[in-house]
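Quick note: the coordinates plus some simple rules give every number you see, no bench work behind them. For clarity, every value in this text was computed on a predicted model and none was experimentally measured. Here the Cβ positions follow ideal geometry from the backbone for every residue, glycine too, while neighbour counts run over all protein chains shown.
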Amino acid sequence: MFNIVSYILFLGISSYITIDVGRRCFNSGKVYLEYLINDKGFCLTVNRILLGSYYLVNLGYIAISLSFWGRISNMEELLLAVSTRIGTIVLILCVLHFMNMATLYVLRKKLTIK
Amino acid sequence: MTATILTQTYNFQAYMIYLPIVIILTILVSQFLFKNSKTFMIDIFHQKEDIAMATNSLFKIGFYLLNIGFALCIIEFFQIETVERLVVALSKKIGGFSIYLGIMMLLNLLLFLKGRKHSMNKDKIIRNENTDI
């Protein structure tokens, strides 16, 4: 019973966070790609493909991580399990995000701002 | 036999107090930081408004992800039996987290200052080249 509640909570919160972060990064990444690739239509296509693969990777990991789930018998364990799992997912997102930022930093010589 | 397992603990209350405090603290700190970092970003990107705002929001996302993820990962409390222990454990954890947040904020500020200095130097070099020609 508690297991089902925790699955629902975990799936809801973590997929909401993933989708929201993806949308925000999509919006601000558009500006960057416009400076990198001077072609609006092509840049939108690249950005959309990046967004799609990001969703696939993260939602897939979220779905897989449901299988490593212990037995939950009371409210306290539920809160503990759900928040540690969400924390791990958020930290993974954070590592991916900082890798993206590092790539942009490497590519900054090619940015067309003088 | 079940009576021995079901001893009264305050862990649930501790989680319920810890979670909102930590999340509200992170949101307040990052709003404060990234409201003030807009001027830095505009300086770094040579008055280009759109890319400065985009970088600002990317940094904001990273800051939120890092801090909320860390806060959720360190949530686990040991067995808390008395109210006194509850207060001590909570203040230890929240104090540690706010020191960590302060260090993160300072690191961000140093990063912005370094970027600003770099772009100012580049501006100066470009201006000198133009006057020489």
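Under a GNM of chain A (C-alpha, springs under 10 Å), which listed residue has the highest mean-square fluctuation: A:68, A:42, A:98? Evaluated over chain A, the most mobile residue of the options is A:68. Across q = 0.12, 0.18, 0.19 Å⁻¹, the stretch B:6-133 modelled as identical point scatterers on its alpha-carbon atoms has Debye log10 I(q)/I(0) values of -0.60, -0.95, -1.01, in the order of the q list. Here the stretch B:70-85 and the stretch A:88-110 have alpha carbon centers that stand 32 Å from each other. In terms of other Cβ atoms within 10 Å, A:71, A:48, A:24 run from fewest to most in the order A:71, A:48, A:24. Per-residue Karplus couplings for the stretch B:17-26, computed as 6.51 cos²θ - 1.76 cosθ + 1.60 with θ equal to phi - 60°, are listed in order as 7, 5, 4, x, 4, 5, 5, 5, 4, 4 Hz, Gly and Pro entered as x. With a 10 Å cut-off around each Cβ of B:10-16, the average count of Cβ atoms from other chains is 4. Remark: A:77, B:84 ranked as B:84, A:77, counting other beta-carbon atoms within 10 Å and listing the fewest first. Taking the inverse of the mean 1/r over every pair of distinct Cα atoms in the stretch A:2-110 gives a Kirkwood hydrodynamic radius of 15.6 Å.
Considering only B:14, A:59, A:21, the residue lying farthest towards the positive end of the dipole of the protein assembly as shown is A:21, judged by Cα position with unit charges set on Cβ. For the stretch B:43-48, backbone phi angles converted through the Karplus equation (6.51, -1.76, 1.60; θ = phi - 60°) give residue-by-residue couplings of 5, 5, 9, 6, 6, 8 Hz, Gly and Pro being listed as x. Computed over chain A, relative contact order equals 45 percent, with contacts defined as Cα pairs under 8 Å that lie 6+ residues apart.
Averaged over peptide A:20-30, the number of partner chain Cβ atoms lying within 10 Å of each residue's Cβ comes to 3.
Using θ = phi - 60° in the Karplus curve 6.51 cos²θ - 1.76 cosθ + 1.60, the 3J(HN,Hα) couplings for the stretch A:25-37 round to 5, 4, 5, 8, x, 4, 4, 4, 5, 5, 6, 6, 10 Hz; x is entered for Gly and Pro. Spin-label model, residue B:78/residue B:35: points 7 Å from Cα along the beta carbon direction are separated by 4.0 nm. The simple Förster model, with R0 at 30 Å and r as the Cβ-Cβ distance, assigns residue B:100 and residue A:38 a FRET efficiency of 0.10.
Cα convex hull, the protein assembly as shown: 123 Å³ per residue, rounded to a whole number.
Using a cutoff of 8 angstrom between alpha carbon atoms and counting only pairs six or more residues apart, the relative contact order for the stretch B:2-123 works out to 42 percent. Legend: calculated FRET efficiency, residue B:119 to residue A:96, from the Cβ-Cβ distance at R0 = 25 Å, rounded to 0.05, equals 0.40.
Fewest first, what order do B:39, B:26, B:9 take by the number of other Cβ atoms within 10 Å?
Ordered by Cβ neighbours within 10 Å, fewest first: B:39, B:9, B:26.
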